[in-house]
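The values are calculated or read from the model by the stated rules, or taken from the named source; none is laboratory data. Predicted model only: the values in this text are computed from it and were never measured. Counting neighbours? That spans all protein chains shown, and the Cβs are built from the backbone with ideal geometry, glycine included.
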Amino acid sequence: MASRTRHTGRREEALSRERIVAAAVELLDVAGEGGLSFRALSAQLRTGPGAIYWHVANKDELLAAATDAVLAGALAADPTGETPEHAIRAVALGVFDAIDVHPWVGAQLARLASQSSVLQVFERIGRQVQALGVPAAAQFDAASALLNYVLGVAGQNAANARSQAPGTSRADVLGAESALWASLDPAAYPFIHTVAGQLRDHDDRAQFLAGVDLIVAGMRSLQ
């Protein structure tokens, strides 16, 4: 009985929550949320579902933990010594890049505004909104607008990438969309017709940052 207890202890130590979450992130990256199940996770970890349930209660908890793990790097930077603008850019880019690499995170963050990862992003943005000198009465609206922009654009960018057929390059997609825009009636779509070439050549990351800068500039005007 003693040897069995020692063996179980070693197994539980090896099958930690961190290892389970890391394996879940790998599955999500390959198969998305639909491919994540405790059965698939058990096969990857070479253990039984019961051992996983010892560390994680259900799939929702596992998704939340996986999202927290992915965003940990994006939120780890120390803004000390940086201007509020640079700190906001760092957080925004960190979230954007994390969702770009792990597209399923975008859908997860859109589910509940009260989940841990969203609250952590909101807290870091909010501190910098305060540091910008935005009046107290406008801080909630300003931070919310920036949060919604960051999560919305990053999530949409990830969704667009997932919607493309395997092997389709970004240049092919933008080229086709640009050609479509250029073919529209300039009388009915004068603006879209004018910017069709910019769509073909634009950089998603740079455009995302330009939007962040516009929002921050608006916050500056509230001082």
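Quick rundown of the values:
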quantity: Any chance VAL101 is under 27 Å from ASN160 (Cβ atoms), outside the structural domain of ALA31 (by TED's automatic domain parsing) and surrounded by fewer than 16 Cβ atoms within 10 Å (Cβ to Cβ); calculated: yes
quantity: Which numbered condition GLU85 misses (of (1) loosely packed, with under 15 Cβ neighbours inside 10 Å; (2) in the same structural domain as VAL216 (by TED's automatic domain parsing)); calculated: (1)
quantity: Pairs where the first residue, in segment 202-215, is surrounded by 15 or more Cβ atoms within 10 Å (Cβ to Cβ) and the second is at pLDDT below 90 and polar (S, T, N, Q), C-beta under 7 Å, 6+ apart; calculated: ASP204/ASN157
quantity: Options PRO166, PRO135: the member that is over 17 Å from the mean Cα position of the chain (by Cα) and at pLDDT 90 or above; calculated: PRO135
